[in-house]
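Reading through the structure tokens given below for one structure.
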Amino acid sequence: MKLTIVMPVYNEEKTVESVIQAVLKQDCVTELLVVDDCSSDGTWSKLDALNETDGRLRIFRHGVNQGKGAALQTGFCNATGCIVGIQDADLEYDPAEYKILLAPFERGVADVVYGSRFHSAGAHRVVYFWHSVGNRLLTLMSNIFSNLNLTDMETCYKFFRKEVLDQITLKEKRFGIEPEITAKISKIKGIRVYEVPISYYGRTYEEGKKIGWRDGVLAFKCILQYNIFR
């Protein structure tokens, strides 16, 4: 089972090298596509130094900053694996848990697998209460309109059969990509969506966390847009 990991990157010079190394340590990974969204710190220098150090690693760079959604779209278009997964370039998610996400695919029961931070017996760093409330509310709203029963729509860890991604056209350039993906896969007839528990090592804003309340407002707008007004 060939697994492509798509990693969007923006200003993650402190963590990007460690995350890439952690991903490439996973025997199940056959391809890692890193998309630098025009970072303005030292991220690109670190990526350029890593280029061609591993045959599985392919690095792309946007000429202007466009957002996480745009970086994911670049990665998805270039993926060759039969399973495609998303990995953020920080240290909040553990690549060692890919085997948990792949298990439903290997059993032949899933087309899409989400890793849930709220349905987990694993380690879970205690950080921002209102972030967790916001995530749960957005997930609830998404479930109401998509008729899915997810616990964590906003999770980074989303894994797909490549043919599922090939059936949807993504438009959102920034963090609205999360509810857009969920809305569009929910419309595919006969789609089999699973959740598995994952650990979560959340970071603070001082440590580099980027998502804020404006992204929550955008996510709510996208839930309505892609579920009702599409």
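With label points built 7 Å along Cα→Cβ from the Cα atoms of Ile191 and Ile168, find their separation and express it in nm.
My value for the distance between the label points is 0.4 nm.
What is the dipole size for the chain, taken about its Cα centre, with +1 at each Lys and Arg Cβ and -1 at each Asp and Glu Cβ, in debye to the nearest 20?
It works out to roughly 820 debye.
So if R0 is 30 Å, what FRET efficiency would Cys82 and Asn147 give, r being the distance between their Cβ atoms, rounded to the nearest 0.05?
Using R0 = 30 Å, I get an efficiency of 0.65.
For the pairs Lys162/Lys189; Lys68/Lys99; Lys68/Lys189; Lys99/Lys171, flag any whose C-alpha to C-alpha distance is greater than 18 Å.
Flagged as over cut-off: Lys68/Lys99; Lys68/Lys189; Lys99/Lys171.
Would you pull out the residues with amide H under 5 Å of Glu195's amide H, same chain only if 5 or more places away, H placed 1.01 Å from N?
For Glu195, the qualifying residues are Tyr114.
Given the DSSP H assignment, sum -39500 (n - 2.57) over each helix run of at least 4 residues in the chain and divide by its residue total; what's the result at 222 nm in deg cm²/dmol, nearest 500?
That comes out to -11000 deg cm²/dmol.
Listing Tyr201, Tyr93 from the residue with the fewest other Cβ atoms within 10 Å to the one with the most, what is the order?
Ordered by Cβ neighbours within 10 Å, fewest first: Tyr201, Tyr93.
Using only alpha carbon positions, build the gyration tensor of the stretch 5-86, then give the equivalent ellipsoid semi-axes as the square roots of 5 times its eigenvalues, largest first, whole angstrom.
Equivalent-ellipsoid dimensions as semi-axes: 19, 16, 10 Å.
Starting from 0 in steps of 5 Å, tell me what percent of the Cα-Cα pairs of the stretch 3-227 lands in each bin.
With 5 Å bins starting at 0, P(r) equals 1, 7, 15, 20, 22, 19, 12, 4, 1, 0.
Quick one: 3J(HN,Hα) in Hz for the stretch 12-28, Karplus 6.51/-1.76/1.60 with θ = phi - 60°, rounded, Gly and Pro as x.
10, 4, 6, 10, 4, 5, 5, 5, 4, 4, 5, 5, 6, 6, 7, 4, 6
For the chain, modelled as a GNM with alpha-carbon contacts under 10 angstrom, which of Asn143, Asn65, Asn51 fluctuates the most?
Maximum among the listed residues: Asn51.
Skipping prolines and chain starts, which residues have an amide H placed within reach, meaning under 5 Å, of the one on Tyr200, given they are 5 or more residues away or on another chain?
Ala123, His124, Arg125
Name the residues whose placed amide hydrogens come within less than 5 Å of the amide hydrogen of Phe60, ignoring near sequence neighbours (fewer than 5 apart) on the same chain.
Val34, Val35, Asp36
For the pair Arg56 and Ser132, what calculated FRET efficiency results from E = 1/(1 + (r/R0)^6), where r is the Cβ-Cβ distance and R0 = 35 Å, to the nearest 0.05?
0.50
Just going by the charge dipole of the stretch 3-227, with Lys and Arg at +1 and Asp and Glu at -1 on Cβ, which of Ser199, Thr155, Thr15 is farthest out on the positive end?
Thr155
For Ile228 and Asp48, what does the FRET efficiency come to when R0 = 35 Å and r is the distance between their Cβ atoms, rounded to the nearest 0.05?
0.20
Going through the stretch 29-122, which GluC sites (Glu not before Pro) have at most 16 other Cβ atoms within 10 Å and a DSSP loop state?
Glu52
No lab work stands behind these numbers, since they all come straight from the coordinates. Keep in mind that what you see is a predicted model, and the values were worked out from it rather than measured. Cβ coordinates were reconstructed from backbone atoms using ideal geometry, including for glycine residues, and neighbour counts include every protein chain displayed.
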